[in-house]
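Since every read-out is calculated from the coordinates, none of them should be taken as a lab result. Being a predicted model, the structure only gives us computed values, none of them experimental. Backbone-built Cβ (ideal geometry, glycine too); neighbour counts: all protein chains shown.
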Number of protein chains: 2
Amino acid sequence: MAKQHPASPEARSAGATIYSVADHAGVSIATVSRVLQGATVVAEATRQKVLTAVEELGYVPTGAARSLAVRHHEAHGLVLPELSGPYYAELLMGFEARAAELAQSVVLVLTNSRTDMAAAVRQLATRVDAIAVFGSAAIPADLVRLLRAKKPVVVIAGEPQDGIEAVAAENLESARELAGHVLDHGRRRALFVGDPDSGPDIRNRYDGYLAAHRDRGLDAAEPVLARLSEADGTAFAQRLLAGEHEADALMCANDELALSIMTTLQDAGRDVPGDIAIVGWDDVMTARYVRPGLTTVRQPVHELGALAADRLHELVGGEPPRTYAQMLPTRLVVRTSCGCLPVT
Amino acid sequence: MAKQHPASPEARSAGATIYSVADHAGVSIATVSRVLQGATVVAEATRQKVLTAVEELGYVPTGAARSLAVRHHEAHGLVLPELSGPYYAELLMGFEARAAELAQSVVLVLTNSRTDMAAAVRQLATRVDAIAVFGSAAIPADLVRLLRAKKPVVVIAGEPQDGIEAVAAENLESARELAGHVLDHGRRRALFVGDPDSGPDIRNRYDGYLAAHRDRGLDAAEPVLARLSEADGTAFAQRLLAGEHEADALMCANDELALSIMTTLQDAGRDVPGDIAIVGWDDVMTARYVRPGLTTVRQPVHELGALAADRLHELVGGEPPRTYAQMLPTRLVVRTSCGCLPVT
DNA sequence: CTGTTAGCGCTTTCAG
DNA sequence: CTGAAAGCGCTAACAG
């Protein structure tokens, strides 16, 4: 008879352990472990006995014990600022899906809901093998670096940093293309709405806007600072209506901004794109529902999330971190808010 | 001098453990544990020594070891079907935020990306103290029940089941109110679009639609079956345009359906709400951007997520499960797609 | 093919 | 206020 687990004299169903299962099946814990991990070969009869015991006791293994023994958590951490809008949700879905394929759990941390994010991230590091942080999650760079010394880290759409692997969607060239498209409709007073200093993503979009002007020997205006929110969009639209700005085209840092601006302008009687062309970035669902349809850029967000999970896994596996940021291509989605004619 | 940890003769920074920290600080591991948990009182000098050692070694505790020792994971599991659309994202945000307040990590499982969700859920049970499952996550009821025998479970917006705690948003009364509102605009051929059998949520909305008719001595039509997707909405709109259905009002099971139907109809020249009134459910962002604005119902999704996390925590704390489902109130959002005049 | 036996790294009495 | 020691439940050699 197998040795009785010293700490659980009676095998209460509520706290079935590998010991109670072994007892119940009349085998050793090693055997139980074997059939549950399916690694080594076990006699079919034995195997059945164990499975039956597991079933009868409703045994649920304690993950922590396994993690301790195998010396890794089999889990990836993901740090995102929040989840409003389709962007982060899509990213998360991509991440989760790939993590699932790799048999990794995902533990999620949303920094906007935290008062002490440093603590949250430290705590996270405690229970995962590797961590992906979204660039604008605004985690202190030194925290990231500290972490990096302990666990693999990849930054998604963030500032490239020494020794920290990065993945991102392409911004500059598509922004250049988008801005060029608008300019080629004959618009000459295009404004960029958004804050280039809020992160590399927006910075690159603005740079693309600049480049498109430069390509055509045109002068580009200073960016109109705005955060990526409906509120800031509405506020800007109001100022535009009040005559504080003059423009025949607006290149907005993202769709939310573009959409709120467009609606506010339309409600005030302005014609889009007649009076003013408007383009955004992200291709959110609303973009194809508004009239005119919003011309924008679609990012491979899902793939970006998957890529992050992938890299995490490889890094955990011992692969050396890549020194260059991996860029995923984006795609221009032309509808009619840019001045193109409807295709009916 | 503190005892040397048998298994780690040298304290490599990469694998700092509580032993290396203790060594480095010249104290026992018990003391290190104490200052890190902040429970018992430790002499300030000792405390500092330990903190310094932690800092110098870049010590990151192993969560699994703690979990094993304290006998719980300090983590909540959340099972959702997916994350597209604002509904689940919002739910998740509410859940995460409250879990964070309760110092619980959240590990997420998305069932739509899984081939073997039973395995996924089992695996999840392995690393969390309690699990919240979204009703339509389509987890076999017996799986839920099995789980429930081992770990606290709460079902969000799902079928009420014996002994399993449930939380949900109110549907029936607000559906009745919404349908009544439409009928009171004089519409007499209102159709319900959605599948009442797809879950209690939709079922209750349909029941509310029925009740509103009954209240007025009107006959209600059979529901038009459709899944909650843009594709199904478009398809239905097409059939409507082809004359397969006749209606002067549409009560859609959710906003995505309503929106796609509305747009398709409008693109074909139909006037909304002139020819046909349309209302949805959820109040997604797009609902306030389309013209006419979509009349819909706003659910307290964030709160629902928070509530689930709350209940999980209490259940883990030993509180007995509530026998009745907790309902959160919803709110009718009247815009103009229902036939109301714009308020300008 | 199966059982024994060390740990995995941390918490927590129990002494002192 | 601090240290010693006994586990927490599981995996993985190592024998047999």
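The same position A:A268 in the other copies lies at 3.7 nm from this copy, comparing label points 7 Å beyond Cα toward the beta-carbon, shortest first. Cα-Cα pairs above 17 Å in the range B:38-100: how many percent? That fraction is 66 percent.
Centre-to-centre separation between the Cα atoms of the range B:265-344 and those of the range A:282-344: 29 Å. Per residue of peptide B:57-69, the mean number of Cβ atoms on other chains within 10 Å of the residue Cβ is 6.
Comment: the Cα-to-Cβ extended label point of A:T234, at 7 Å, lies 3.1 nm from its counterparts in the other copies, nearest first. Distant-in-sequence amide contacts of A:V333, defined by a placed amide H-H separation under 5 Å and a gap of 5 or more residues or a different chain, comprise A:T296, A:V297, A:R298. For peptide A:122-129, the mean count of partner chain Cβ atoms within 10 Å of a residue's Cβ comes to 5. Residues considered: A:V32, A:V284, A:V153. Largest GNM mean-square fluctuation over chain A, using C-alpha springs under 10 Å, is found at A:V32.
Above 31 angstrom, tally the Cα pairs of the protein assembly as shown and express them as a % of all pairs, no decimals. Taking all Cα-Cα pairs of the protein assembly as shown, the fraction more than 31 Å apart is 61 percent. Packing around the peptides A:17-24, B:230-237, A:317-324, A:91-98, taken as the average count of other Cβ atoms within 10 Å per residue, puts them in this order, highest first: A:91-98, A:17-24, B:230-237, A:317-324.
Computed over chain A, relative contact order equals 16 percent, with contacts defined as Cα pairs under 8 Å that lie 6+ residues apart. Per-residue Karplus couplings for the range A:280-292, computed as 6.51 cos²θ - 1.76 cosθ + 1.60 with θ equal to phi - 60°, are listed in order as x, 7, 2, 6, 6, 4, 4, 3, 9, 9, 6, 10, x Hz, Gly and Pro entered as x. For the segment A:102-113, counting C-beta atoms of other chains within 10 Å of every residue's C-beta and taking the mean gives 5.
Working from the Cα coordinates of the range B:231-344, the gyration tensor eigenvalues give, after taking √(5λ), semi-axes of 37, 16, 11 Å in decreasing order.
Near the amide H of B:V154, within less than 5 Å, lie the amide hydrogens of B:I131, B:A132, B:V133, all on another chain or at least 5 residues away, with H placed in the peptide plane.
Across every pair of non-identical alpha carbons in the range A:9-69, the mean reciprocal distance, once inverted, gives a Kirkwood radius of 11.6 Å. Taken over the C-alpha atoms, the range B:156-245 has Rg and Dmax values of 14.6, 48 angstrom. With a threshold of 29 Å on the Cα-Cα distance, the over-threshold entries among A:K150/B:K49; A:K49/B:K150; B:K49/B:K151; A:K151/B:K150 are B:K49/B:K151; A:K151/B:K150. For chain B, what is the mean residue ellipticity at 222 nm derived from helices alone (per DSSP H run of n ≥ 4: -39500 (n - 2.57); sum divided by total residues; nearest 500 deg cm²/dmol)? Computed ellipticity for chain B at 222 nm equals -13000 deg cm²/dmol. Between B:V334 and B:L143, the contour length at 0.36 nm per residue exceeds the Cα-Cα span by 64.7 nm. Take B:T115, move 7 Å from Cα toward the beta carbon, and the resulting point lies 4.6 nm from the same point in each other copy, nearest first. Treating r as the C-beta distance of A:R298 and B:K150 and R0 as 35 Å, the FRET efficiency rounds to 0.20. Kirkwood radius, the range B:286-341, all distinct C-alpha pairs, inverse of mean reciprocal distance: 13.8 Å. In this simple spin-label approximation, B:D184 and B:A45 carry label points 7 Å from Cα along the Cα→Cβ vector, and these lie 7.8 nm apart. Between the range B:8-83 and the range A:76-122, the alpha-carbon centres lie 24 Å apart. Of all DSSP bridge pairs formed entirely within the protein assembly as shown, close to 15 percent run antiparallel.
Each label point was placed 7 Å from the Cα along the Cα-to-Cβ direction; for B:E159 and A:Q238 their separation is 5.1 nm. Using the Cβ-Cβ distance between A:A119 and A:D275 with R0 set to 56 Å, the FRET efficiency from 1/(1 + (r/R0)^6) comes to roughly 0.65. When the alpha carbon gyration tensor of chain B is reduced to an equivalent ellipsoid, the three semi-axes, largest first, read 54, 20, 17 Å. When DSSP beta bridges are restricted to pairs lying wholly in chain B, around 10% turn out antiparallel.
Each of A:A99, B:I29, B:A103 was placed along the dipole of the protein assembly as shown (beta-carbon charges, centred on the mean Cα), and the one lying farthest toward the positive end is B:I29. Under a model in which nothing but the beta-carbon of Lys, Arg (+1) and Asp, Glu (-1) is charged, the range B:172-298 shows a dipole of about 240 debye around its Cα centre.
Here the range B:147-303 yields Rg over Rh of 1.01, to two decimals, using C-alpha coordinates and the Kirkwood radius.
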